[in-house]
Amino acid sequence: MTKVVLISGSLRAASVNSAALRAVRRIIEQARPAASAVSLPIGRLPFYNGDVESAGTTPAVAVARALVADADALVISTPCYNGAVPGVLKNALDWLSRPDGASSLTGRVAAVLSASPGGRGGIDAQPALLDLLDSCGAITVEHPPVAIRGAHQRLDGAGEMTDPETVAALRELVDATFEAVAIMAEQRRSVLGTPEPPRAPRTPRPPQAVPSPAAGPWSRASVTLSRS
């Protein structure tokens, strides 16, 4: 079973980023019965402090590390606060990257998206988040950035993100994430010497134009961001 951990960079109860991740969870549950998705509530983690770490791992940190260490992939949705990743999300990744040499993020597949009521969809926070995950040893998914603009207008009466265009963009990101997980699994089996059955050739996707801000709920950068 493929295990996915969902991390929202916002603590608000009515967060559009959390709503986007609930949509991701529904996509996974509906389309991939052999997979599971669980949310990691990062608001429970204390501020990172080396003295606290030296005194012994807190239960919330221990649970978070174990959850991520047991996962095949992470899907992280971030707001953009003053052009950057929220401190609460950076704090969570700092805890997950410890202890030195035993980070639960190392080798973990990670997909990134953002959502915002604004016209840029929080996309300005994504490059720094990708760099941060790269520094923590995660393997980020190569995919045109998904940044949901006017996200509050994409919610239904129950506060769920059910807008068809948005769901389609999230489904593409989920597909890319599971493909990355499959590639990593193949590479690990190859290292162990287990033969793999041949895979059907993949049909390349045609290039996609970059829409104007009014063209849709998400942004697609002209260049795919890729990280090792």
Determine the pairs where a residue that is closer than 12 Å to residue 75 by Cβ, located within segment 19-37, has a partner that is polar (S, T, N, Q) and crowded, with 19+ Cβ neighbours inside 10 Å with Cβ atoms under 6 Å apart, the partner being 6 or more residues away or on another chain.
20/77; 21/8; 21/77
Are there any pairs with C-beta distances below 6 angstrom linking a residue in segment 66-89 that is closer than 20 Å to residue 104 by Cα and of a type in the set (D, E, K, R) to a residue that is open to solvent by less than 50 Å² (accessible area, probe 1.4 Å) and assigned to a helix (DSSP H, G or I), with the two at least 6 apart or on different chains, and if so which?
72/181
For residue 92, are the conditions met, namely being assigned to a loop (DSSP other than H, G, I, E, B) and under 16 Å from the mean Cα position of the chain (by Cα)?
no
Please give the number of the condition residue 203 fails out of (1) among the β-branched types (Val, Ile, Thr); (2) more than 18 Å from residue 112 (Cα to Cα); (3) modelled with pLDDT of 95 or more.
(3)
I need the full set of residues from segment 97-117 which are open to solvent by 50 Å² or more (accessible area, probe 1.4 Å) and not hydroxyl-bearing (Ser, Thr, Tyr), in order please.
98, 99, 100, 101, 102, 117
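Residue-wise test of (1) free of Cβ contacts under 8 Å to residues at least 60 places away in the same chain; (2) surrounded by fewer than 16 Cβ atoms within 10 Å (Cβ to Cβ).
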position: 119; (1), (2): no, yes
position: 126; (1), (2): no, no
position: 143; (1), (2): no, no
position: 146; (1), (2): no, no
position: 150; (1), (2): no, no
position: 156; (1), (2): yes, yes
I'd like the full set of residues that are of a type in the set (Gly, Ala, Ser), open to solvent by less than 60 Å² (accessible area, probe 1.4 Å) and farther than 22 Å from residue 107 by Cβ, limited to segment 10-58.
10, 15, 18, 19, 20, 23, 43, 50, 56
Matching residues, segment 128-140, being outside any helix (DSSP H, G or I) and either free of Cβ contacts under 8 Å to residues at least 60 places away in the same chain or farther than 17 Å from residue 68 by Cα (or both):
136, 137
Would you mind telling me which numbered condition in (1) at pLDDT 95 or above; (2) surrounded by fewer than 17 Cβ atoms within 10 Å (Cβ to Cβ) residue 194 fails?
(1)
If you go through segment 61-86, how many residues are assigned to a strand (DSSP E or B) and open to solvent by less than 50 Å² (accessible area, probe 1.4 Å)?
7
Residues of segment 1-14 that turn out to be in contact with a Leu (Cβ under 9 Å, 6 or more places away or on another chain) and closer than 24 Å to residue 149 by Cα, as a count:
7
Mind listing whichever residues of segment 1-26 are among the hydrophobic types (A, V, I, L, M, F, W, C) and either assigned to a loop (DSSP other than H, G, I, E, B) or over 14 Å from the mean Cα position of the chain (by Cα) (or both)?
1, 11, 13, 14, 16
Does residue 110 qualify as being part of a strand (DSSP E or B) and of a type outside the set (Ser, Thr, Tyr)?
yes
Assess whether residue 45 counts as being in contact (Cβ under 8 Å) with a residue 40 or more places away in the chain and more than 16 Å from residue 87 (Cα to Cα).
no
Based on what the data block shows, is residue 89 within 24 Å of residue 46 (Cα to Cα), buried (at least 20 other Cβ atoms within 10 Å of the Cβ), in contact with a Gly (Cβ under 7 Å, 6 or more places away or on another chain) and modelled with pLDDT of 95 or more?
yes
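The values are calculated or read from the model by the stated rules, or taken from the named source; none is laboratory data. Please read these numbers as outputs of a predicted model, since none were measured by experiment. Cβ sites come from the backbone with ideal geometry, for glycine too, and all protein chains shown count toward neighbours. With ligands, DNA and RNA removed, areas are computed over all heavy atoms of the protein, side chains included. Shrake-Rupley method; radii C 1.70, N 1.55, O 1.52, S 1.80 Å.
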